[in-house]
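What follows is one structure encoded as structure tokens, with my remarks underneath.
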Amino acid sequence: MKLKSVSKWLSLLIIACMLFTSLGTVSGAEVAAKSDTKGHWAENQINSWIGKGWIKGYEDGSFKPEQTITRAEFVTLVNRSFGFTEETSISFSDVVKGIYYYEDVAKAMKVGYIQGYADGTFGANKPISRQEAAVIIDRLLGLSKTARSETDFSDKNSIAPWAKDAVNAVVAHDIFTGYAADHTLRPLNAIKRGEAVTVLDRALAKRVTTYNTAGIHGPTTGIQTVDGNVVIQGPGVTLQNMVINGNLVFAAGIGSGDATLNHVTVKGQTTVEGGGENSIHFIDSILLTIRVDKQLGTVRIVAEGTTTVGEVTIESPTTIQEKGTTGTGFSKVTLSENLPADSKVTLLGSFESLAVKGDKIQIDIPEGSVKELIAELSATGMSLRLGAEATIIHLVLDAVAKILGTGTIETATLSKAAKDATTFEKQPKKKEDKVEGVPTPTPTIAPSSSSNSGVNPPPSTRLSIVSYGAIANDGLDDLPAIKLAVEAAKAQGKSVYVPSGEFNLNGLLTLDSVDLSGDGETSILKSMDLKLQAVILMGDGTDLSAVKLTSVPATVRLTNDDSARVRVGSNATNYSIKHIVIDGGSSVGFLNAGTHGVISGNTVKNMLADGIHITALSNDILVENNTVHQVGDDFIAVVSYEKFGGWVKNVVIRNNHVSQGEARGLTVSGGENVLIENNTVSDVYGAGIYLSSEGNYKTYTVKDVIVRNNTVTNDSMNGGSPTKGGLNITATNKNPSIDNVLVENNTFIDSQDNGALIVGTFEIDGLQIRNNVFQNPANYGIMIVRTVFGAINITGNTVTSSGKAVYVNNSTDPDITSDLTNEADNGGGGGTNVAAYGTPAIDGQADDFWAYSTVLQMDATAAGTTGTARVAWDENKLYYLFEMKDTTPFAVSEKEKNDSVEVWVDELNTKNGTQTTGDYQMRVDLNNAKTTSMSNPVANFLNSVTSAVYRTQAGYQVEIAVPYTTTEHAPKVGDIVGFNASANDDANGDGLRDGFMTWVDRNLPYWADTRVYNEVKLAAAVPLAAYGKPVLDGTIDSFWANSTPLQMDTIATGTTGKVRVAWDETALYYLFEMKDTTPFAVAEKEKNDSVEVWVDELNTKNGAQTIGDYQIRVDLNNAKTTSMKVTDILNNVTSAVYKGNGSYIVEIAVKYTKLIPSAGEIIGFNATANDDSNGDGLRNGFVTWVDRNLPYWADTRVYNRIQLAKAKEVQTLTP
């Protein structure tokens, strides 16, 4: 692999950095994960807690998991993990103020989960017993309020009477599990450090309150406080009079039903994943943030009464309505870039702001008002329809849009790009040109050293702003006085001093070769104009230090340069920004375009865009020891846009701490000679560290970059973030896109996605990922997608407890090398595993439809025995097919001692742990004997099971049919079943089990814990195309009834339809039956009412159209068109149209372009139809069979499947 030498500048810079940075030092906590916890049974939990900062190791590098823990230490762990912060006064004789655990004891007493002793002591340094810990956990969770049966541990009689109920409860909830070796609980023993972390970790997992029963929940009077997260899982649920100290999820289980909050306060995030078009109601409630992300269909959210919502982010089609609100209602709404193209969002009410980021979004405002609507650069193709009673006070367009309807627009501000092509059905009262700036936070600031050390100059060299007329805390504009002080300081060669107090700035403040400093956070400069809030640094040697910058409340993200809180101009050099606190603002914290600058020791928080953004042609910048917290975009970013004509160069980003925000932690999107080291990143929505040449933003190559010794914890928290992973490397622009990049000695902990993800379609020329640690990634340890190519070397990395595979490389480029084993997508290490729909004959042989179930590969025994399993389903049963390779089949004993297969099933995927309703295990051996190891199986369970065994040359096959055990649950497409398949092997015929195979990782206790099962999704049946040749006359031949009807979705006008497919030896045939009360065809192509077929004859799923793929359109006039570049396909098309009353029928015949047809063949297919609902010659909507959120118009991989049926084979529509 080629890895170029790093440039001279970077080499020198790194050497300089090493003089001031102890790169080899490792904290005790970090060492602990690799020293005395390695191989310990609680290793994963301990490492997780260390990563979260809840517990630490010792100075000698050990953790001592077997050492006992004191009462003070235990309450400290409880407070940190449960998030308790409030204190009460305490007066224990052994807990005096100033001692390190004083505050934690005060917090514990405030919550009330622990008590002191009768002698007035707390017993802070006494070891805490296991039963005392059980009582604390019971008090935290309220588990013993429900009666529990007594534990059956052999030492149960030693449990103190005061602890018995609590111990029984925590055991019943699998928080305490006892010692398996002697079946004891040892309640009187002091709890150990590893045990304490484990039981508290399990307790935290129980802090979710679920409501799935229709009805009213919550007190009639008073307020109920719910600690932890809440999930509304079913329709018809109303929560009233509650305060939820956590997140709230309206889950997909609500379906299209209703759910209501009445007088509820949610202190965390509210997520809407379920509900229908009349569904989610907020009455007299307070919600900080709402994210709407429903997978299918439109959801309606309604604010009523005094409801106040801070911010709503829309990621799926939504209707947002204010109904009789007296509160602020939905003040700020953002249509996210994650909102699928062609989604429709309807607003009814009065809104402060609406920000549109998504592409091709349809916005409908029938009535009401929006104070400010901003369509960002990314909002291309926006369609906005205003009803006659709708008003927009200020419309800002950075992207071309189509404005329809007769509503009122007071002022429209248009960028040059928007102005040239935007159309208005009704002109705004006033139009103005936008002053061109950076389209999205394109910050402009700069590493090296500067003259100011961050210590305020002596008074004799400073001019106080008070001396020039500024008055603290009077609420009036102090900008004129401060400008006078700046001018005087420059003339006298002095600096500007800001004393303690709050001073208002109603405009921009420019520092040109003049320093400004204050007394720290008590010296406040407050901006009163969010669009003009920048403190601008220009000239040579300007230093800004020791002040706090605030602003009036910001709810709308702005993108103009001067909305940045600190802006460093491109002509600024040798500057420094030190010990500044920025708290709140409408845009970027620091926007850097200067050269030779230092940004050090600052705090940036509560911004709507990036924290620190380095762009333009900035170079020689040092960013160190900063804290960035709760920002709306990237925390610290280096971005080299092509439009500036060159790279950001020579940047060092080190010893910074970033946490809790909406995008990536540390970003280099185009940059040269960048060093990122010794930073911590935690709790971020997107990727922890992101290196990319981005095609969507047109940024330069990432070149000569080193990323080392950083720690990333809990990244990718937002499933909708487009860039996820602890480390994300994306190559989507420039060749090479990534050039000479080294990622080494970093630690990535608890990624909610992949530990490292490498994606892209452009060349990577020299990437090394070496000696990194990836702990507990939810998906893969390291994942490379199939389109990646170039010189990549992955070596010396450690991956522990990955949710899927350790290392998966789907690329075929031989230049990608690794010392990790490239794992296939099995054993839970791949994508979605599906169970085909169908009813097999239970004969031990595979029916054709089994081919549509995912093959689940089990591992192999030392003897070479292995096998696969598949799952199928229908409305009555689950079916299992095992295909075993076994050269020594024996069944001379019974149960697992015989060669046999086993299924482990959690029908409802509750992941309860111990087996409960809907869970079962059963076994079938070579003699077709059915047995189970369950102690309390469902009545007549084995008698209801049907099975068959078929011997093969390679081994044997087993088919099993098991009726659903949860009869109250009706299975449906999309349901998830928890599942494992295993098999037993008697290799030598001695009647003993010599080995076993499993699909789930054999290191997981699948035999005892349903939580470790993998998941299988119930798939829809493959629709059938009937065999036969119709008469193309727009009427429906009888044989069409043998084709599966494929229902398209419905749009607001009511237009919908269904389609069928048929075939013979010469052509494919398509029948559309459309419901359309307004049929029009006054234009051409998709602008007319028309139907379209999208076909992948060979089902190659190539992505882009290739041989055997085509798209054809037929409109109401029977005009045949295509959007393909090659139109010869139309010569092979015959069609007919029949117009009815509020409906029309289209029949189409297309000769094969590549397929040699035969029964059983699969084709890729989608059907769509276009609707001009008002006869204006424009397409007003469309309907589709494939999910409209999928890009079927550009990617054949998202087509559904159709199977060519045998003659007279009939299939009815399945669930």
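Restricting segment 1158-1200 to residues that are of a type in the set (G, A, S) and assigned to a strand (DSSP E or B), the residue that is surrounded by the fewest Cβ atoms within 10 Å (Cβ to Cβ) is G1181. Reported count of residues in segment 867-912, each being surrounded by fewer than 24 Cβ atoms within 10 Å (Cβ to Cβ), closer than 17 Å to I842 by Cα and acidic (D, E), is 3.
Every residue, every condition in (1) within 14 Å of N1166 (Cα to Cα); (2) small (G, A, S); (3) surrounded by fewer than 22 Cβ atoms within 10 Å (Cβ to Cβ), yes or no:
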| position | (1), (2), (3) |
| --- | --- |
| E1084 | no, no, yes |
| D1096 | yes, no, no |
| T1100 | no, no, yes |
| S1123 | no, yes, yes |
| T1127 | no, no, yes |
| T1134 | no, no, yes |
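Note on segment 315-381: enclosed strands (runs of 3 or more DSSP E) holding 3 or more residues that are under 27 Å from K531 (Cα atoms) are 332-335, 344-356, 362-375.
Please state which one of N740, N733, N745 is in contact with a strand residue (DSSP E or B) (Cβ under 8 Å, 6 or more places away or on another chain), within 26 Å of K357 (Cα to Cα) and not assigned by TED's automatic domain parsing to the domain that holds W49.
It is N733.
Put simply, of D610, D562 the only residue that is closer than 21 Å to V712 by Cβ, at pLDDT below 95, outside the structural domain of G268 (by TED's automatic domain parsing) and not in a strand (DSSP E or B) is D610.
Pick out the one residue from Y685, Y700 that is touching a helix residue (DSSP H, G or I) at 6+ places or on another chain (Cβ under 8 Å) and among the aromatic types (F, W, Y). Don't jump to the end; show me each part of the working.
Numbers: Y685 fails: touching a helix residue (DSSP H, G or I) at 6+ places or on another chain (Cβ under 8 Å).
That would be Y700, the only listed residue that is touching a helix residue (DSSP H, G or I) at 6+ places or on another chain (Cβ under 8 Å) and among the aromatic types (F, W, Y).
Go through (1) farther than 30 Å from E132 by Cα; (2) of a type in the set (S, T, Y); (3) touching a Lys or Arg at 6+ places or on another chain (Cβ under 7 Å) one by one and return the number of the condition S256 breaks. Unmet condition: (3). Contact map, segment 151-166: first residue among the β-branched types (V, I, T), second residue buried (at least 17 other Cβ atoms within 10 Å of the Cβ) and part of a helix (DSSP H, G or I), Cβ cut-off under 7 Å, separation 6 or more or different chains; pairs are T151/V167; T151/N168; T151/V171; I159/Q131; I159/V167.
Given the condition more than 23 Å from K1139 (Cβ to Cβ) and of a type outside the set (A, V, I, L, M), answer yes or no: does some residue in segment 1050-1064 qualify? Among the residues of segment 1050-1064, at least one is more than 23 Å from K1139 (Cβ to Cβ) and of a type outside the set (A, V, I, L, M), which makes the answer yes.
Any residue at all in segment 624-645 that's among the charged types (D, E, K, R), farther than 19 Å from A572 by Cβ and assigned to a loop (DSSP other than H, G, I, E, B)? Within segment 624-645, one or more residues are among the charged types (D, E, K, R), farther than 19 Å from A572 by Cβ and assigned to a loop (DSSP other than H, G, I, E, B).
Taking segment 242-257 as the range and being crowded, with 18+ Cβ neighbours inside 10 Å and either more than 20 Å from D293 (Cβ to Cβ) or of a type in the set (D, E, K, R) (or both) as the test, only M242 passes.
Of the residues making up segment 235-262, those that are on the phi < 0 side of the Ramachandran plot and polar (S, T, N, Q) are T238, Q240, N245, N247, S256, T260, N262. The residue of segment 955-974 that is farthest from the chain's Cα centre (by Cα), among those that are crowded, with 20+ Cβ neighbours inside 10 Å and among the β-branched types (V, I, T), is V958. Of all residues in segment 921-951, those being buried (at least 21 other Cβ atoms within 10 Å of the Cβ) and not in a loop (DSSP other than H, G, I, E, B) number 6. Close contacts from segment 42-58, counting a first residue that is in the same structural domain as Q752 (by TED's automatic domain parsing) and a second that is in a loop (DSSP other than H, G, I, E, B), with Cβ to Cβ under 7 Å and a gap of 6+ residues or different chains, come to none at all. Within segment 325-350, residues that are of a type in the set (D, E) reach partners that are surrounded by 19 or more Cβ atoms within 10 Å (Cβ to Cβ) with beta carbons closer than 7 Å, at six or more positions or on different chains, in the pairs E337/K357; E337/G358; D342/Q362; D342/R1188.
Before we move on, is E410 within 18 Å of I320 (Cα to Cα), at pLDDT below 95 and not assigned by TED's automatic domain parsing to the domain that holds N673? Please lay out each step first, then the result.
Working: within 18 Å of I320 (Cα to Cα): no; at pLDDT below 95: yes; not assigned by TED's automatic domain parsing to the domain that holds N673: yes.
No, not satisfied.
The single condition among (1) crowded, with 19+ Cβ neighbours inside 10 Å; (2) in a helix (DSSP H, G or I) that N44 does not satisfy is (1). Look at (1) of a type outside the set (D, E, K, R); (2) assigned to a strand (DSSP E or B); (3) under 21 Å from the mean Cα position of the chain (by Cα); (4) surrounded by fewer than 24 Cβ atoms within 10 Å (Cβ to Cβ) and you find that A663 fails only one, number (2).
Would you mind finding the one in H596, H629 that is surrounded by fewer than 24 Cβ atoms within 10 Å (Cβ to Cβ), in the same structural domain as D683 (by TED's automatic domain parsing) and farther than 21 Å from A663 by Cα? Break it down stepwise before answering.
Working: H629 fails: farther than 21 Å from A663 by Cα.
After ruling out the rest, the residue left standing is H596.
Taking the criterion of being modelled with pLDDT of 95 or more, among the aliphatic types (A, V, I, L, M) and surrounded by fewer than 24 Cβ atoms within 10 Å (Cβ to Cβ), the only residue of segment 1047-1070 that qualifies is A1067.
For segment 188-218, enumerate the residues that are among the polar types (S, T, N, Q) and over 28 Å from H40 (Cα atoms). Before the answer, list the steps.
Applying the first criterion (among the polar types (S, T, N, Q)) to segment 188-218 yields 189, 198, 209-210, 212-213.
The answer is T209, T210, N212, T213.
The values are calculated or read from the model by the stated rules, or taken from the named source; none is laboratory data. Being a predicted model, the structure only gives us computed values, none of them experimental. We place every Cβ from the backbone using ideal geometry, glycine too, and count neighbours over all the protein chains shown.
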